[in-house]
Amino acid sequence: MFTGMGAAIEMRGVTVRFPSRGGEVTALDGLDLTVEPGQVFGFLGPNGAGKTTAMHVLLGFTEATAGTARLFGRDVRESIARQRIGYLPEHPDTYRFLTGHELLDTTARLFKLDGRTRRMRIEGSLEAVGIGDAAARRVATYSRGMMQRICLAQALINDPDLVILDEPTGGLDPIGRMDIRRIIGELRDRGKTVFFSSHELSEVELVCDTLAILCRGRIVAEGPADTLVAPGERLEKVFMKVIADAEASS
Ligand SMILES: Nc1ncnc2c1ncn2[C@@H]1O[C@H](COP(=O)(O)OP(=O)(O)OP(=O)(O)O)[C@@H](O)[C@H]1O
Ligand SMILES: [Mg+2]
């Protein structure tokens, strides 16, 4: 584990503009965000708010127009910043000609894990995501939910300290959703940091200790889940109000 290196995620004044039909789209508008080690952090916001873009900046896929982003104290432009990161994309896809098992083995080799560690990690992550016998089949034959599960197993193979999940419950059946909750809980119990986006507010309520709500590329509400959502109140109601207020004042 990284220690003494500050926040797991730190974004300061991150702005991202994309060219669009002769003009520009501002996807992130001076985003400030801090995620401390060990937090389970829910990143919420309506469609197009900028959640995926923020994750892409952290992963080095998108360069910020302005501002800085750090992972465990390392600028995201340094490739070493991503060494201890696991990532599940919004639309997971992978090498379809490999079996699930081969995919994980290939990924584990990329991280230069020795044979014993590879076998242990593959077994552990397959069990965690509940792929079962399908691990022996080619990924090309997987259903959407199974693709989601194998890509999550792939994201966990390097035993990451920070796991970035872009809508991890998308496309999953109720059992799959419960599995994701359990996996996130296990990661938290092991001191890992989990940063994830979701539209499933009832799920988010159950797993997050900290929340941020993004609207038009800016944070419009942030804090401990139990402070943002008063006892007896629902996150859905808080979300609606915060977004309505933000839209009214923009
Ligand atoms: N490559 C791109 N080129 C142009 N515009 C983009 C690009 N990527 C994202 N955008 C725009 O940036 C804004 C933020 O998009 P983003 O995908 O980050 O939102 P999101 O919060 O993840 O939404 P969702 O909940 O639908 O996944 C949107 O207006 C989107 O159209
Ligand atoms: Mg998105």
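The number of residues in the stretch 22-55 that are outside the structural domain of Leu71 (by TED's automatic domain parsing) and within 10 Å of ligand 2 (Cβ to nearest atom) comes to 0. Filtering the stretch 39-78 to residues that are within 15 Å of ligand 1 (Cβ to nearest atom) and hydroxyl-bearing (Ser, Thr, Tyr) leaves Thr52, Thr53, Thr62, Thr65. Taking the stretch 227-250 as the range and being of a type in the set (D, E, K, R) and over 13 Å from Val204 (Cβ atoms) as the test, the residues that pass are Glu233, Lys237, Lys241, Asp245, Glu247. Against the test of being of a type in the set (A, V, I, L, M, F, W, C), under 21 Å from Ala49 (Cβ atoms), away from ligand 2 (no atom under 16 Å from the Cβ) and surrounded by fewer than 15 Cβ atoms within 10 Å (Cβ to Cβ), the options Ala221, Ala248 yield a single qualifying residue, Ala248. Scanning the stretch 178-199 for residues that are surrounded by 19 or more Cβ atoms within 10 Å (Cβ to Cβ) and either assigned to a helix (DSSP H, G or I) or not hydroxyl-bearing (Ser, Thr, Tyr) (or both) yields Asp179, Ile180, Ile183, Ile184, Leu187, Lys192, Val194, Phe195, Phe196.
Of all residues in the stretch 229-250, those satisfying the criterion of being free of Cβ contacts under 8 Å to residues at least 40 places away in the same chain and of a type in the set (Val, Ile, Thr) are Val229, Val238, Val242. Ala54 falls short on exactly one of the conditions (1) under 18 Å from the mean Cα position of the chain (by Cα); (2) of a type in the set (A, V, I, L, M, F, W, C); (3) modelled with pLDDT under 95, and that condition is (3). Filtering the stretch 121-139 down to residues that are within 24 Å of the chain's Cα centre (by Cα) and aliphatic (A, V, I, L, M), which residue is surrounded by the most Cβ atoms within 10 Å (Cβ to Cβ)? Selected residue: Val129. Counting only residues that are touching a residue at least 12 places away in the same chain (Cβ under 8 Å) and part of a helix (DSSP H, G or I), the stretch 138-177 holds 18 of them.
Let's see how each residue does on (1) among the aliphatic types (A, V, I, L, M); (2) in the same structural domain as Gly60 (by TED's automatic domain parsing):
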{"position": "Arg121", "(1), (2)": "no, no"}
{"position": "Val129", "(1), (2)": "yes, no"}
{"position": "Gly145", "(1), (2)": "no, no"}
{"position": "Glu167", "(1), (2)": "no, yes"}
{"position": "Arg182", "(1), (2)": "no, yes"}
{"position": "Leu187", "(1), (2)": "yes, yes"}
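Whenever a residue of the stretch 11-24 is closer than 12 Å to Ala66 by Cα, its partners that are basic (Lys, Arg) and more than 9 Å from ligand 1 (Cβ to nearest atom), lying with C-beta atoms within less than 8 angstrom and at least six residues away or across chains, give the pairs Met11/Arg70.
The values are calculated or read from the model by the stated rules, or taken from the named source; none is laboratory data. Because the structure is predicted, anything quoted here is derived from the model rather than measured. For neighbour counting, all protein chains shown are included, and Cβ atoms are generated from backbone atoms with ideal geometry for every residue, glycine included.
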